[in-house]
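Q: I am attaching a structure below and will ask some questions about it afterwards.
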Amino acid sequence: MANSYLSRTISSSPTNPDKFTISMWVKRSKLGSEQAIMGQYASANFRGKIDFLSDDRIEYIQKNDGNTTANLITTRKFRDTSAWYHLVYQFDTSQGTSSNRIKLYVNGVQETAFDTASYPAQDLDMRLNQASGTLNIGQDGNSANYFEGYISHIALADGQTYAPTSFGQTDATSGIWKFISPSGITWGDDGFHLKMENSGNLGLDSSGQTNNFTVNGNLKQALDTPSNNHATMATPTWYNGSITEGGNTVGSAGATAYRYQIANLGVNKGKWYWEVKLVTLGDYMLTGITGTASYITGSTNILGSAASDYSVVYNTAGGNGHKYNNAGASPTNTPGAYMAAFNTNDILTFALDCDNNTLKIGANGNWSNGSGSTNQTFANGNTLSIVAPASTPSGFYFPACGEYGGANDVWSWNFGNGFFGTTAIASAGSNGNGSLFEYDVPSGYYALNTKNINTYG
């Protein structure tokens, strides 16, 4: 959350300011601006920080007496808003080889390509483990460059260097680097481990060192964690549009027609539920599902124009609530034939059943009856028959949105994390199966996240 962070005033001496390990799991929400993950600030002349630069490279920088005494900037840019990154920094300035004094690992693999590689002098004290100033998580220590996204299980082992395998491991089935709970760690005097599992005390230190942090601002606990990654809209840029706020809010900026975006998690079996808030209504705004694994470019990319695409449409000509599939009808025909008219901030609900090849669509807690009304129960709601997932181009279905009228539409998605973009749901519905939605989840349906897909998909 912007302007929200954790802080701790450092008054005790560290076990070893020259040697320590930092581990953190981060999921980005906003790209293209400088954002600090961690920073310790004694003064403008004595400070250190780990941050994402405005071009999305990772940087470590520190100053002593106003001079830059260490600076590493990756060549690689980190722009995946759908995934968690595990960052591990090893600091040991006693090493004779300068490049061994700071090492960065991302998802278990050492980062070796740097555009800037200025290593500290041998035996130099590092600024992120000092007995002075304030250590902040989520900003640079000087009330600037707030982090936009999620942070989980951030830890500092004071006086020891640990390999990434102390905090994560490669999943044998998927090959994806995943979180493990650290054990056998010697934390040292200034060490800490913030699990962020206690919603009433997100700064609680679980290392046993009682190095607790203070919550500043409106910091919120999210259900999206390294061990259970929720769906987001797939990429930070899409065909003629843009994504902000962790991929959960989609804004189709500008007046360019034919825009299209899909979620990063697809399904081909099981039953799935999600919600979409219509933040800004624009002409020919489409919301639904697609069987295409990536967005389609060109002047024909209309969500619903293919046999494996299904959407409902808003348009100012009166086509509110019209269903659109396989180009079977233009949204300008039979307006409102499927659902009642949409209004700003309406919340659309989707229930996708891949086992029985059906899709139900509702609004504001009611389900469409298929004849221009939206006032039915789930059991009586009109059901769209869809082609089997195996028959789609990808073999899967993905939540999707699109626009072809050149309007500035804005969608805000909730895949069970309890937020529409950065705005929390007003009141949780029932039957969420561990997820948080605005409205009641139909029995047997689940949120789109990696844990549920592994279990039910």
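The values are calculated or read from the model by the stated rules, or taken from the named source; none is laboratory data. None of these values were measured; they are calculated from a predicted model. Please note: Cβ atoms are built from the backbone with ideal geometry, for glycine as well, and neighbour counts cover all protein chains shown.
Q: Residue under question is Leu223, and the condition is that it be in a loop (DSSP other than H, G, I, E, B) and in the same structural domain as Phe179 (by TED's automatic domain parsing); does it hold?
A: no
Q: Also, quick follow-up: Which strands (runs of 3 or more DSSP E) does region 295-366 wholly contain that include 2 or more residues that are at pLDDT below 85 and of a type in the set (Ser, Thr, Tyr)? Working first, answer last.
A: Working: elements: 309-314, 322-324, 347-353, 358-363.
Because the criterion is at least 2 residues that are at pLDDT below 85 and of a type in the set (Ser, Thr, Tyr), no strands (runs of 3 or more DSSP E) in region 295-366 meet it.
Q: Got a sec? Which of Gly96, Gly108 is in the same structural domain as Asp171 (by TED's automatic domain parsing) and under 26 Å from the mean Cα position of the chain (by Cα)?
A: Gly108
Q: Would you point out the residue of region 181-214, among those that are at pLDDT below 95 and of a type in the set (A, V, I, L, M, F, W, C), that is surrounded by the fewest Cβ atoms within 10 Å (Cβ to Cβ)?
A: Leu202
Q: Which of the residues belonging to region 187-203 are in contact with a strand residue (DSSP E or B) (Cβ under 7 Å, 6 or more places away or on another chain), in a loop (DSSP other than H, G, I, E, B) and either more than 20 Å from Gln221 (Cβ to Cβ) or not small (Gly, Ala, Ser) (or both)?
A: Across region 187-203, the qualifying residues are Trp187, Gly188, Asp189, Asp190, Gly191, Lys195, Met196, Leu202.
Q: Next question, about the same structure. Taking Tyr146 as the residue in question, decide whether it is within 20 Å of the chain's Cα centre (by Cα) and hydroxyl-bearing (Ser, Thr, Tyr).
A: yes
Q: Any chance you could count how many residues in region 3-24 are assigned to a loop (DSSP other than H, G, I, E, B), within 22 Å of the chain's Cα centre (by Cα) and crowded, with 18+ Cβ neighbours inside 10 Å? Talk me through it step by step, then tell me what you get.
A: Start the filter on region 3-24 by keeping residues that are assigned to a loop (DSSP other than H, G, I, E, B), which leaves 3-4, 10-18.
Those still in the list that are within 22 Å of the chain's Cα centre (by Cα) too: 3-4.
Restricting the remaining residues to those that are crowded, with 18+ Cβ neighbours inside 10 Å gives none.
Of the residues in region 3-24, 0 are assigned to a loop (DSSP other than H, G, I, E, B), within 22 Å of the chain's Cα centre (by Cα) and crowded, with 18+ Cβ neighbours inside 10 Å.
Q: Give the residues of region 259-275 that are surrounded by fewer than 20 Cβ atoms within 10 Å (Cβ to Cβ) and either among the polar types (S, T, N, Q) or in a strand (DSSP E or B) (or both), sorted by residue number.
A: Asn268, the sole residue that qualifies.
Q: Any residue that is of a type in the set (D, E, K, R) and within 22 Å of Ser12 (Cα to Cα) - is there at least one of those in region 72-92?
A: Of the residues in region 72-92, the ones of a type in the set (D, E, K, R) are 76-77, 79-80, 92.
Checking the rest, the ones that are also within 22 Å of Ser12 (Cα to Cα) come to 92.
Yes: region 72-92 contains one or more residues that are of a type in the set (D, E, K, R) and within 22 Å of Ser12 (Cα to Cα).
Q: Pairs needed: first member in region 223-244, modelled with pLDDT under 80 and hydroxyl-bearing (Ser, Thr, Tyr); second member anywhere, surrounded by fewer than 23 Cβ atoms within 10 Å (Cβ to Cβ) and part of a strand (DSSP E or B); C-beta distance under 8 Å; at least 6 residues apart or different chains.
A: Between residues of region 223-244 that are modelled with pLDDT under 80 and hydroxyl-bearing (Ser, Thr, Tyr) and residues that are surrounded by fewer than 23 Cβ atoms within 10 Å (Cβ to Cβ) and part of a strand (DSSP E or B), the close pairs are Ser242/Gly251; Thr244/Gly251.
Q: Could you tell me which of the residues Tyr162, Tyr105 is buried (at least 18 other Cβ atoms within 10 Å of the Cβ), in a strand (DSSP E or B) and of a type in the set (Phe, Trp, Tyr)?
A: Answer to the check: Tyr105.
Q: Which of the residues spanning region 111-127 are closer than 21 Å to Leu156 by Cα and under 29 Å from the mean Cα position of the chain (by Cα)?
A: Listed by number, the list holds a single entry, Glu111.
Q: Assuming Ser412 fulfils every condition listed in (1) touching a His at 6+ places or on another chain (Cβ under 6 Å); (2) under 28 Å from Tyr258 (Cβ atoms) apart from one, which condition is it?
A: (1)
Q: Right, here's the next one. For residues in region 46-100 being more than 26 Å from His153 (Cβ to Cβ) and small (Gly, Ala, Ser), which is surrounded by the fewest Cβ atoms within 10 Å (Cβ to Cβ)?
A: Gly96
Q: Okay, next question. Any residue in region 377-386 that is outside any strand (DSSP E or B), in the same structural domain as Asp355 (by TED's automatic domain parsing), among the hydrophobic types (A, V, I, L, M, F, W, C) and crowded, with 21+ Cβ neighbours inside 10 Å?
A: For region 377-386, residues outside any strand (DSSP E or B), in the same structural domain as Asp355 (by TED's automatic domain parsing), among the hydrophobic types (A, V, I, L, M, F, W, C) and crowded, with 21+ Cβ neighbours inside 10 Å: present.
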